[in-house]
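The values are calculated or read from the model by the stated rules, or taken from the named source; none is laboratory data. Because the structure is a prediction, the values reported are computed rather than measured. When we count neighbours, we look across all protein chains shown, and the Cβ atoms used for this are built from the backbone with ideal geometry, even at glycine. Just so you know, the surface numbers come from the protein's heavy atoms only, side chains and all, with ligands and any DNA or RNA stripped out. Shrake-Rupley method; radii C 1.70, N 1.55, O 1.52, S 1.80 Å.
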Amino acid sequence: MASRVIPVEDFDLVIFGGTGDLARRKILPGLYRRFCSGQMPETARIIGAARSEHDTAEFRQIVRDAIREFSKKNACDDALIGTFLEQLHYVQVDAKGEDGWDDLRDLMRKDVVKAYYFSVAPSLFGDLAERLQAHGIADEDARIVVEKPFGRDLASAKKLNQDLAKHFDETQIYRIDHYLGKETVQNLMAVRFGNILFEPLWNSQYVDHIQITVAETVGVGGRGEYYDKSGAMRDMVQNHLMQLLCLIAMEPPSRFNPDAVRDEKLKVIRALEPIDHHHIVRGQYDATETEPSYREDAGDPRSRTESFIALRCMISNWRWAGTPFYLRTGKKLKARASEIAVVFKDAPHSIFGEEAGRHANVLSIRLQPNEGMTLKVTIKEPGPGGMRLIDVPLDMSFADALGEEADDIPDAYERLIMDVIRGNQTLFMRGDEVQAAWAWTDPLIESWEARSDVPKHYDAYSSGPEDAAMMLHREGRRWREIKE
């Protein structure tokens, strides 16, 4: 089955911060892949904009090097790269001043989609939005893409929303969370709402609990000083994990369009109950013989910022009343893995006796690596000797199911940028979503700061602090193993 690629219409895409790390690692190599797939028209233009003193030829060389470094080797075709680079231009622009804006305006074409990617610090969002309008560069159909962090608390998120709203309508603002662009994350909606098998069971009557895990093997490294001002709660839970929670818990939208989906996600956030400190565990990784501890990476021997967090969430609505959602994420854990596990309740009565043991169905949705889904079902163990029950997986990995086509699946940034060009906001956060998430998150952070709470230590490359395991153990449950 050949994958179907639908070309987008002609566009001009300006990448502010076009020579930065995100642009080099993700945005520009991703656009090259979309070009190679035939989805991006050869007349489209990509304009890098930054304070760096480069000309277009130097910028094209930067992009050529980035493609070679961050794309798969078999995708680096010299002829294709050369053709792609012809679509690139560069303008030196001062986000806080007036230099370069007239040059940028002169480069922009009329009668094509115009998109502006703010791959810069959030402190520059307002300045860029203001100058795009002041210099007549962005029209009423233009789109702007803003990266996280979108604020560090409710007050700053509101301020950012207000700054953008002065110059752009909400329908023009695309708040990007790359987790929502992952193929498996989108499949959450397909699995839930496209299969009658699951939706009748997707509630507290049949689901015992749900676990959402995003584990990383890397530490904070060179980002230590920055990370120490945010921590796992701000860096991961408030955005990535919150969005996964919304998709797994939301009600079926009336139709698959941006506002219908985001309305249901917002209802989940607003239904979240406050969490007391007994249901939150924060941690910091220790040093190994060859690697520094979190506090050494952060440059602060007394840091109270968490590199790991686990918490139990409850949703106060009819579907999920009484069903706990356990969230955890951390640095320097035993494996790089992102998973959502829906753990169903035991059968109400076992006809096989106590010797058969306890068996529960689990739907595991793997976001990375090896994207796919596994449904654990109970069967009889082959052979004589009575009714011995075992659990076996019904496994579907994208690599196995799609074969060579799995290599052609766009990565998250590729898909999301193409959605911007199409004008599809389904996979992007709305302003009220962001503010509702911070309104729930802020009291949690304030509570541990008021108690001068010190994160628990945990061994690097472990499963996190023992207190996190005990939090589930007290409720007769346990975390799923972190593994690739």
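A few notes on this one:
- Strands (runs of 3 or more DSSP E) (entirely within segment 1-94) containing at least 2 residues that are open to solvent by 10 Å² or more (accessible area, probe 1.4 Å), within 23 Å of residue 143 (Cα to Cα) and out of contact with any Leu (no Cβ under 6 Å at 6 or more places or on another chain): 45-50, 88-92
- The set of residues from segment 129-148 being open to solvent by 50 Å² or more (accessible area, probe 1.4 Å) and at negative phi comprises 130, 133, 134, 139, 140, 141, 148.
- Qualifying residue in segment 451-460 (condition: in contact with a Ser or Thr (Cβ under 7 Å, 6 or more places away or on another chain) and not in a helix (DSSP H, G or I)): yes
- Taking the numbered list (1) in the same structural domain as residue 434 (by the TED database); (2) assigned to a helix (DSSP H, G or I); (3) in contact (Cβ under 8 Å) with a residue 40 or more places away in the chain in turn, residue 209 passes all entries but (2).
- When residue 189 is tested against (1) at pLDDT 90 or above; (2) assigned to a helix (DSSP H, G or I); (3) open to solvent by 10 Å² or more (accessible area, probe 1.4 Å), only condition (1) is not met.
- One residue from 178, 135 being modelled with pLDDT under 95, over 29 Å from residue 441 (Cα atoms) and not charged (D, E, K, R): 135
- Matching option when the condition is assigned by the TED database to the domain that holds residue 198, surrounded by fewer than 15 Cβ atoms within 10 Å (Cβ to Cβ) and among the small types (Gly, Ala, Ser), among 310, 260: 260
- Residues that are modelled with pLDDT of 95 or more and not hydrophobic (A, V, I, L, M, F, W, C), drawn from segment 106-129: 114, 116, 117
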